[in-house]
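A.B. asks: To start, I am sharing the structure in question, which I have written as structure tokens.
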Amino acid sequence: MDFFERQRQVRGASKRLVLLFILAVLGITAMVDLAVLAGIMYGGRATPERLVGVLLFVSAAVLLMIGTVSIVKTLSLRRGGGTKVAESLGAVRVPDMPTDPNLKRYRNVVEEIAIASSTPVPVLYYLPQESGINAFAAGYTPADAAVCVTQGSLDRLNRDELQGVIAHEFSHIVNGDMRLSLRLIGVLAGITALSVVGRMLWYSDSGRGRGRDNALPLWVLGLVVLVAGWIGVFFGRLIKAAVSRQREYLADVSAVQYTRQTSGLAGALKKIGGLEAGSRLRTPKAENVSHMLFGEGMTLSSLYATHPPLIKRIQALEPGFTPSNLDELRQRWSHQPPDGLQEDQRMGLAEQPVERAAPRRVDTREYAAAVGNPTAASYHAGIRMHKAIPQRIADLAHNPATAVPLIYGLVFDRKENVRRAQYQIVARYHGKQLADESWRCGGELVRLDPSLRLPVASIAFPALRNRAEGDTQLMTTVLGELINADGQIDLFEYCLGTLVFVGLHEALTSASPWKSKRQSLASAQNAVACLIALLAQAGNSDPRAASAAFQAGISVAYPHARIAFMPVRDVFELERVWPVIDGLEGDDKAALVHAVMATVMADRTVTQEEAELVRTVCAVLHCPVPPAI
């Protein structure tokens, strides 16, 4: 199943969530109304006018409370994104320069998969107090995502198994599941809020201390509101189960499709079933995120289960696996629990320094097929690229003190007079020390393979987004001036500036930088033609070849239209393109991506400039794209 089909499913799930929310709210409101009605009837003062007025007031109050709690919770999560969810559970951020081999391995696996899908590297967390094997991804967009694993995952899983779990979580990141998960938290907060109000009324001292005439209705109301709140919890768990189960199956399928081996993911699931700690979380807040976890975080009835049965998940990967096989694993591991790092040593998977791998070009057909549909070839390309990044540059990218000068260094010019002008720009805004570091980084990056420049920026992203909002705004301003320092802007510089701007804006606001109106492919024709023309020029210096590539792409987007090729003179023409294509609906976005790939594939080669522009387009559309090496 490709990216766009998953997007359609997520939109369908969102609509079902809204419907279930409305039904649950109406049911809860009706129960509270019945309680109030009983209280009024008990008091013997029930005139029709009084009944109607009170019931309308109570209904409005209940609806207002549920809606307000849901909105407030959703907005609070929107500002913090995945980071807020992880920290609410007591998660600890992985250090910028970890020395623990488990944490190093974890970071490397995440960075490899992020490079393979050309998505920003998420912020990494772990739960040191949790011995069960579990993980989750949270956030509104890939740029504000956080990935969190338990200590049990770090200790018990070998590298292949950890890759399977992380690939499962990346499926949730790139397919829009995270946004739905956070909306679900907000919706459920409103539905279950009545249970808190009910407890307050039930235990109200003022209610129990009054005379019989007034006290009984108050505690009766409290009891019924409390019951209504419990019913809200019941509905909430059912909603979570209804929305989550199919998504977990699909994420398992995507993880296997991504890594092209079932043993890693199946091995992680077997260890969940075979170890005493399983996938359970001990934190009392586990229920808030139960629908986001890799495995069941709580012991619940199958009616409420947010995940398919464990044995069925394993059998979907290994059809011959039986419950008796799981019993054998339980017996074996009860005496000697598995150690992930030791297994890595035995299997030859241990993290070891490697010689710099030479990037190689992938088959162009594989590249085209993998856009929006990550494959094993994408994943292995990500591993090669990650290993090809020199350790010194990787260390600079991970360190918050050097990540900014590293990004500046990526656009430092080869011409010394331009480079000196760029040095002065950095010194004017940041001072001599950071300007000196930017100069040094620029000198080192001159020798970097061009295909590794955007991956380096990707692994620096967590260090960049961890800075204060004012610092990130200053950085994007300075980066823009550095790019314009020579009066000429090449495609790489423009793509890097756009990716940094879009990524940091979404990380800080959980929203697109453009307040885009909804567009159809028909209304976006001028913008799409501009994009396709620039892409055709990026891959073809010959005007006739560029025109042929343009026609190959534009005929996919607009098969019944005749649109002439008009060369684009300035890369800044793309500034009017982004808000338009960002407003396209799902099917139109899919058509645009297919048109983009038809343009690129017209000459059966993928140039570096084409790959960088494709990555930028897909970043705006939030569509995964493989690295072109």
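The values are calculated or read from the model by the stated rules, or taken from the named source; none is laboratory data. Keep in mind that what you see is a predicted model, and the values were worked out from it rather than measured. We place every Cβ from the backbone using ideal geometry, glycine too, and count neighbours over all the protein chains shown.
A.B. asks: Which count do you get for residues in the stretch 133-165 that are within 12 Å of GLY340 (Cα to Cα) and out of contact with any Ser or Thr (no Cβ under 6 Å at 6 or more places or on another chain)?
C.D. replies: 11
A.B. asks: For the stretch 155-165, what are the residues that are under 18 Å from LEU281 (Cα atoms) and either surrounded by fewer than 24 Cβ atoms within 10 Å (Cβ to Cβ) or among the small types (Gly, Ala, Ser) (or both)?
C.D. replies: Matches in the stretch 155-165: ASP155 only.
A.B. asks: Looking only at the stretch 211-244, which residues are under 22 Å from the mean Cα position of the chain (by Cα) and modelled with pLDDT under 75?
C.D. replies: So the first thing to find is which residues in the stretch 211-244 are under 22 Å from the mean Cα position of the chain (by Cα), and the list is 239-244.
Listed by number, the residues that qualify are ALA242, VAL243.
A.B. asks: Evaluate the stretch 112-129: report whether one residue or more is of a type outside the set (A, V, I, L, M, F, W, C) and over 23 Å from the mean Cα position of the chain (by Cα). Give the derivation first.
C.D. replies: Initially, the stretch 112-129 is screened for residues of a type outside the set (A, V, I, L, M, F, W, C), giving 112, 117-120, 122, 125-126, 128-129.
Still in the running and over 23 Å from the mean Cα position of the chain (by Cα): 129.
Yes, that holds for at least one residue.
A.B. asks: Give me a count of the residues in the stretch 560-580 that are more than 33 Å from the chain's Cα centre (by Cα) and crowded, with 16+ Cβ neighbours inside 10 Å.
C.D. replies: Residues that pass the stated criteria total 3.
A.B. asks: In the stretch 442-476, what residues are in contact with a Gly (Cβ under 7 Å, 6 or more places away or on another chain) and within 25 Å of GLU506 (Cβ to Cβ)?
C.D. replies: Correct list: PHE461 only.
A.B. asks: Got at least one residue in the stretch 78-85 being touching a strand residue (DSSP E or B) at 6+ places or on another chain (Cβ under 6 Å), in a loop (DSSP other than H, G, I, E, B) and either without any contact (Cβ under 8 Å) to a residue 24 or more places away in the chain or under 30 Å from THR498 (Cβ atoms) (or both)? Before the answer, list the steps.
C.D. replies: Quick first cut of the stretch 78-85, residues touching a strand residue (DSSP E or B) at 6+ places or on another chain (Cβ under 6 Å) only: 82-83, 85.
Next, only the ones that are in a loop (DSSP other than H, G, I, E, B) stay: none.
No; the residues of the stretch 78-85 include none that is touching a strand residue (DSSP E or B) at 6+ places or on another chain (Cβ under 6 Å), in a loop (DSSP other than H, G, I, E, B) and either without any contact (Cβ under 8 Å) to a residue 24 or more places away in the chain or under 30 Å from THR498 (Cβ atoms) (or both).
A.B. asks: In this structure, is GLY82 crowded, with 21+ Cβ neighbours inside 10 Å and out of contact with any Phe, Trp or Tyr (no Cβ under 6 Å at 6 or more places or on another chain)? Spell out the reasoning first.
C.D. replies: On the way: crowded, with 21+ Cβ neighbours inside 10 Å: yes; out of contact with any Phe, Trp or Tyr (no Cβ under 6 Å at 6 or more places or on another chain): yes.
The answer is yes for GLY82.
A.B. asks: Here is a further query. Please tell me if ALA557 is surrounded by 23 or more Cβ atoms within 10 Å (Cβ to Cβ), modelled with pLDDT of 90 or more, within 23 Å of ASN540 (Cα to Cα) and among the aliphatic types (A, V, I, L, M). Please lay out each step first, then the result.
C.D. replies: Numbers: surrounded by 23 or more Cβ atoms within 10 Å (Cβ to Cβ): yes; modelled with pLDDT of 90 or more: yes; within 23 Å of ASN540 (Cα to Cα): yes; among the aliphatic types (A, V, I, L, M): yes.
Here the answer is yes, as ALA557 does meet what is asked.
A.B. asks: Next up: With the stretch 522-613 as the region, which helices (runs of 4 or more DSSP H) entirely inside it contain at least 1 residues that are within 25 Å of PHE501 (Cα to Cα)? Lay out the reasoning, then the answer.
C.D. replies: On the way: elements: 525-539, 543-557, 578-582, 586-600.
Result: 525-539, 578-582, 586-600.
A.B. asks: Anything in the stretch 542-559 that is farther than 21 Å from TYR494 by Cβ, over 34 Å from the mean Cα position of the chain (by Cα) and of a type in the set (Gly, Ala, Ser)? List them, or say none.
C.D. replies: If the condition is that a residue be farther than 21 Å from TYR494 by Cβ, over 34 Å from the mean Cα position of the chain (by Cα) and of a type in the set (Gly, Ala, Ser), then ALA545, SER547, ALA548 are the ones that fit.
A.B. asks: I'm checking my understanding of the structure. Among residues of the stretch 249-289 that are under 17 Å from the mean Cα position of the chain (by Cα) and crowded, with 21+ Cβ neighbours inside 10 Å, which one is farthest from TYR379 (Cα to Cα)?
C.D. replies: In this case the residue turns out to be VAL289.
A.B. asks: To continue, here is another question. In the set SER451, SER438, which member is part of a helix (DSSP H, G or I) and crowded, with 22+ Cβ neighbours inside 10 Å?
C.D. replies: Values: SER451 fails: crowded, with 22+ Cβ neighbours inside 10 Å.
When all the criteria are applied, what remains is SER438.
A.B. asks: Can you tell me which residue is farthest from the chain's Cα centre (by Cα) among those in the stretch 375-428 that are surrounded by 17 or more Cβ atoms within 10 Å (Cβ to Cβ) and not in a helix (DSSP H, G or I)?
C.D. replies: My answer is ASP413.
A.B. asks: Starting from residues that are part of a loop (DSSP other than H, G, I, E, B) and in contact with a Lys or Arg (Cβ under 9 Å, 6 or more places away or on another chain), keep the ones in the stretch 492-520 and report whichever is surrounded by the most Cβ atoms within 10 Å (Cβ to Cβ). Steps first, please.
C.D. replies: Within the stretch 492-520, the first condition is being part of a loop (DSSP other than H, G, I, E, B), and the residues that meet it are 510-518, 520.
Checking which are in contact with a Lys or Arg (Cβ under 9 Å, 6 or more places away or on another chain) leaves us with 510-511.
Working: SER510: 21, ALA511: 13.
Here the residue is SER510.
A.B. asks: Run down ARG208, ARG179 and say which single residue is at pLDDT below 75 and over 21 Å from LEU23 (Cβ atoms). Reasoning before the result, please.
C.D. replies: Working: ARG179 fails: at pLDDT below 75.
Answer to the selection: ARG208.
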